[in-house]
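Notes follow the structure.
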Amino acid sequence: MKLKNSYFFTKREDSKDEESVSANLLVRSGMIKKAGSGIYYFLPIGLRVTRKIEKIVREEMNAIGSQELVMPQLLPEEVYISSGRRENFGSSMFALKDRFDRNYVLGPTHEEMFVEAAKEVIKSYKDMPISLYQMANKYRDEPRSRYGLIRTREFVMKDAYTFDKDEEGLAKAYDLMFNAYKKIFDRVGLNYKIVTASCGVMGGTLSEEFQAVCDIGEDVLVLCDECGLSTNIEVCECVRRDKPVTLEYKEKELLYTPNVGTIKDLEEQFGIKAIDTVKTLIYKADGKFVALMIRGDHEVNEEKVQKLLGAKEFEMASIEEDEMITGAKVGFAGPIDLDVEIIVDYEVMNMRNFLVGANKTDYHYINVNLSDFKYDKVADIRNVTEDDVCPKCGHKLSFKKGIEVGNTFKLGTKYSESMGLYYANEENKLAPVVMGCYGIGIARILAAFVEQNNDENGIIFNDEIAPFNVAIVIANTKDEVQVKLANELYDKLTGMGVEVLLDDRDERAGIKFKDMDLIGIPKRIVVGKKASEGIVEFKYRNSSDVKEVSVEEVSKLV
């Protein structure tokens, strides 16, 4: 591609609208443009990169015998009602009506539609295994779109589904897909971890995530170097530690704590340490209120609590609901005389003489013990911390942030049973088809790669996904010798199958160098003053070394 008459631009200033390195660089490099909250254009250079990522994904999907199709994105709402998932998605689904007042949604995911497609061919055990995939847009009304391409409302996902007669068949299909995913992320060049995760709204018996290690990742990865444990924090078990406590029990006392609503306030104003406090947090599970008690320096693990309660919907109570339940302002909730179900975290069982809210504005109780209130359950309801030990081997844990770029689910028979996908088995009896589900976020891969591969000058692409492999820069477009040599080299390399970007713009050489660094082209050739001698400059994007080579030698280097 020659730049002079192409749609191409870059920005010198950082974007004020973007909070991540990747989004800022992708906007500045003219690869993407924001159209609205969580909605982006993919401009020509950026589209080339995503097409390369898609090509890698397609090649690995095709290599394991998965067949590509395309599903509609505008779907009848009744499809999700029939599978029982419409309520689960709630307001995260974009919903609309047609002119005949019929209800439609924009597809957030396509399990139901793939089941309908599978019904066309699966009648007998002889019709399986089947593996299908698509590369299509998905739509989710995110409450908070953030970090550029990492959390958007419209995005391209590769989703695949496998259909087998039994669990043994699913295990084989899952392994094929799992290994294909590893090849995809290895080829792209991501630094990633594979972690066990929650099945969440997708359902099923096993979920694993491919997480690109990155400081701005929204997921917390819990790792053990000793035994290889690798999980998402939402499913990591906290090892129960029953510690002998020798402190003498004290009598509880009411403490006046004006204008205090957080643990930090208590520490700063009263010198009470967080580890000596217990937070009481009001949640709502399927419309029923429940109080959760955890140590002041710990965080509730909502995934664990929702699973413990078997709740379809689980969320924190609103400010109004919290105040209605406790009779006090938010920040003063406590377990004493609280008329809702109370669940206590295991770690609280080891505590003595702790502080809790008094259910009275501006007051707390100090020297509270378990005998001072009634509770209904004791369970692991918190996030694991660096003070915890590995639930497998007991060694020290480490934590990293991650961006989820891919996931794999063993769905089992959840959707086939709810939507009537059955087959005749060897005994001619009807049995539900066993399914697997597998997703990859194309734009997330791009964002994660840029987060991991950049410097003060811009993006550093590798040959696999770079928009072009080589940039040829004409230092002075008024020099006919330079222009002629650059075009001859462009034709030669293009003829060799190399993807070449020729910067023939009437700009200063320094501007061109900055732009080529910004968009991350792996190799740069500068045709300059020694063009008449057949000498050019050659440089790799990830190196500061520049060397002079002959035109013949540079072709071999490329």
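The values are calculated or read from the model by the stated rules, or taken from the named source; none is laboratory data. Keep in mind that what you see is a predicted model, and the values were worked out from it rather than measured. Here the Cβ positions follow ideal geometry from the backbone for every residue, glycine too, while neighbour counts run over all protein chains shown. These accessible areas exclude ligands, DNA and RNA; they are computed on the full protein's heavy atoms, side chains included. Shrake-Rupley method; radii C 1.70, N 1.55, O 1.52, S 1.80 Å.
Can you find a residue in segment 52-75 that is touching a Leu at 6+ places or on another chain (Cβ under 9 Å), under 22 Å from LEU502 (Cβ atoms) and in contact (Cβ under 8 Å) with a residue 40 or more places away in the chain? The answer is no; no qualifying residue exists.
Applying the condition of being within 22 Å of GLU426 (Cβ to Cβ) and assigned to a strand (DSSP E or B) to segment 123-138 and asking which residue is farthest from the chain's Cα centre (by Cα) yields SER124.
In segment 108-122 there is at least one residue matching the filter, namely being over 21 Å from ARG151 (Cα atoms), of a type in the set (Val, Ile, Thr) and assigned to a loop (DSSP other than H, G, I, E, B). A residue that is on the phi > 0 side of the Ramachandran plot, among the small types (Gly, Ala, Ser) and in contact with a Phe, Trp or Tyr (Cβ under 8 Å, 6 or more places away or on another chain) can be found somewhere in segment 13-35. Cβ separations smaller than 8 Å between residues 6+ apart or across chains give the following pairs from segment 1-12 residues that are within 13 Å of ASP506 (Cα to Cα) to residues that are of a type in the set (Asp, Glu): LYS2/ASP504; LEU3/ASP503; LEU3/ASP504; LYS4/ASP504; LYS4/ASP506.
Which one of these is free of Cβ contacts under 8 Å to residues at least 24 places away in the same chain, open to solvent by 20 Å² or more (accessible area, probe 1.4 Å) and under 30 Å from PRO522 (Cβ atoms): GLU451, GLU456? Spell out how you get there, then give the answer.
Details: GLU451 fails: free of Cβ contacts under 8 Å to residues at least 24 places away in the same chain.
Sole residue among the options that is free of Cβ contacts under 8 Å to residues at least 24 places away in the same chain, open to solvent by 20 Å² or more (accessible area, probe 1.4 Å) and under 30 Å from PRO522 (Cβ atoms): GLU456.
Of the residues screened, THR162 is not one that is closer than 23 Å to LYS414 by Cα, surrounded by fewer than 18 Cβ atoms within 10 Å (Cβ to Cβ) and either of a type in the set (Gly, Ala, Ser) or touching a Cys at 6+ places or on another chain (Cβ under 9 Å) (or both).
When PRO432 is tested against (1) out of contact with any strand residue (DSSP E or B) (no Cβ under 6 Å at 6 or more places or on another chain); (2) free of Cβ contacts under 8 Å to residues at least 40 places away in the same chain; (3) within 30 Å of GLU60 (Cβ to Cβ), only condition (1) is not met.
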